Structures are given as C-alpha cells and as structure tokens.
Amino acid sequence: MGLYEDMQAFAKKENIIAGAGDAGSFTELKAKLEGRSVPFVDYSVEMRTEPLLTMPDAKSIVCIGLSYNTVYKPINDGRARGKISSGAVGTDYHILVREKLEKLRAELIPSHNAMIFTDTGPLSDRAVAERCALGGRGRNGSIINKDIGGMFFIGYMLTDADFTAGHKNKECSDMCGECDKCVKACPNSALDNGECDYKKCISYITQKKGALTYEEYSAIGSSVYGCDVCQRVCPYNGGYAEAESEYAYPDIERLLDMSEKEFGATYGRTAAGWRGKSILKRNALAVLGNMGDERGIELASRFLKGPSEQLRSAAEYAVSKIREK
C-alpha cells in the first residue's frame, strides 16, 4: 500500500476522517481574501494561500477531521443555565486533533519532516479540507462530509512526504442542493449563499472582546459560548451521539461567582476557556438578562460598579432587559 492507503487505514482505526492534497498555491482563495478581514487571524494573504512560505520543501498536505456531533441532554434543575457549543465541551479540540496528527506522523512518516497545525496555522482550514477531499462547502460555510456531516474539527499537516502519489481526489459535488435550512435558522441572519457575515455570527459575538451593543447582547440569547444552530438543522448532522455534561449547560450564578483559580480548573482545558473568564462572565450576564427572570436583577447588580467595563455594560443590559419584561 502507498501512503494514502496507509493514511486511510489509520483514519479508520482512530475513528477520524482523513485526506491529502498537494502543497501548491490556493490561487482562488487569494482573490477572495484580498481586502477582507477574517476574525482571529493575523497572517497575511500570502501566508494564508502559499503553503511553501511556511514549509518550503512541502510536497503534500494531510488533513484530518474529528467529529464533535454530540447532543447534550438539557439539565432541568430550576437553576438559571446557559448553553455552550458542543465543540467546546470537554477537552480542548486543539489538544485532541494535535494528538491524532502527531500519532499519524509517528506511525506513517517518522523519518520525514512535518509541521502540524490545529486551527492556529497560516492556511485556511476549510480550504485545506476541501483540497484534501474531506468534504464540500455547505451554505453555512462549513465543510460537509457525506458520511459524518459538518460537525468536525479540522487539523492539518504540511510534510515533505508525498501522500498524493498514485491517488487523485474526487471533486466534492454540491452538498446542499436546494436546502437552505441553515440560512433560515440562523438567529441573527448571518448566512447568505455559502458565506457567513462573521460580525453577525453568534459564535463570533460570544468570543469578541469588550462591551457589546444592545443588539449583540440580545442576539446571544442563551449562548454563553459558541452557537450550533446552523449545524443542528443540517440534515447531514442527523447521526449524532447523545451524552450528559454539566459543562454544556453552565450554571449562570456559579460561573459569575468563579474566581480565576476556579475558572482555570473548570474551563482551562476546554475550547471555551481560551477567551478568558471576563468574556464568559459578560456573556453569562447577557444570558441572565435574556431569560427575563426578576431574580436575576440582584445577581447582575453585583457587577454594576465593578472595575470591568465589559461586565458593567453586560450587567446594565441584564438589569434593563429584565425590567423591560
């Protein structure tokens, strides 16, 4: 067997999906990125579209996908609780995906050079996934795999090993057809014909720094971190697993009372923890306001005169929103 076949056998054993593509320029992506801002990305357009600028001797890109398609059962205990995206529950996916790629490298190409990236690399994860035939682009902008859907983490590896020799990827066909369930379901109308206006995306809003606008606080709804709405309505994501986790539905009062040490112990190794305690507390205050329960006024009022501008702003929103109701 060649490296491509070895990679597929590894993927089956590790319960992931995997693909490979060449390390040439992402020419079409370059035109799209010119003059366009992308959140949480500091690389230049050239670095994002030219793999050889990162690894001059690269011959191929190996890309893997690790599913997070899990539905967590709601907790009905009378406590005020928000929601955290399924992908941010449990061990940080950056750790999990890197472990898979490191293992793939160790088992298949131990004598070759390689560079591994998990969401923080210079190349566009989704563009890499498309080139490596992990799936096709959906109307929500995500990559959809015909077997496991669109709820999977992406990681990739640049290497001087040739994983594409003797293999040609099949072009992924239109995944969505006339379906536009995700576009209609988006709570803040962020989706349009395969593009996402990130400034309207609830997932982005829950991660951006600073005080939010009234409209943004309101749009958050019950989301303390992230949003799965466009993924949950996608027909390809119907084969989900079920599980229970208190982390999926954080207790708002407990979160607001957390010290730095408690926050680190609870969220330090999760994807939700990367933005820090203040941003999650800000979102929790907004959720409290959106719930509209008068009992939340006393809790939110504790932050009205605190040192953090974003927490004062969120507390003011929460108190005014509850009083409106």
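The values are calculated or read from the model by the stated rules, or taken from the named source; none is laboratory data. Everything numeric here is computed off the predicted structure, so don't read it as measured data. A quick note on method: Cβ atoms are made from the backbone with ideal geometry, for glycine too, and the neighbour counts reach across all protein chains shown. Just so you know, the surface numbers come from the protein's heavy atoms only, side chains and all, with ligands and any DNA or RNA stripped out. Shrake-Rupley method; radii C 1.70, N 1.55, O 1.52, S 1.80 Å.
For the range 35-73, how many residues are modelled with pLDDT of 95 or more and either out of contact with any helix residue (DSSP H, G or I) (no Cβ under 8 Å at 6 or more places or on another chain) or over 17 Å from V128 (Cα atoms) (or both)?
15
Exactly one condition in (1) open to solvent by less than 40 Å² (accessible area, probe 1.4 Å); (2) out of contact with any helix residue (DSSP H, G or I) (no Cβ under 6 Å at 6 or more places or on another chain); (3) assigned to a helix (DSSP H, G or I); (4) farther than 21 Å from D228 by Cα is false for V97; which is it?
(4)
Based on what the data block shows, is L304 over 30 Å from R139 (Cβ atoms), hydrophobic (A, V, I, L, M, F, W, C) and assigned to a loop (DSSP other than H, G, I, E, B)?
Taking the combined requirement at face value, the residue satisfies it.
Of all residues in the range 186-208, how many are under 10 Å from A219 (Cβ atoms) and open to solvent by less than 50 Å² (accessible area, probe 1.4 Å)?
The total comes to 6.
Filter the range 26-48 for residues that are open to solvent by 50 Å² or more (accessible area, probe 1.4 Å) and basic (K, R); which is nearest to G2 (Cα to Cα)?
Of everything passing the filter in the range 26-48, K30 is nearest to G2 (Cα to Cα).
Within the range 71-94, can you find the residues that are more than 24 Å from T120 (Cα to Cα), part of a strand (DSSP E or B) and open to solvent by less than 70 Å² (accessible area, probe 1.4 Å)?
V71, Y72, R81
Please specify each residue of the range 1-25 satisfying the condition of being open to solvent by 30 Å² or more (accessible area, probe 1.4 Å), of a type in the set (A, V, I, L, M) and under 12 Å from D162 (Cα atoms).
L3
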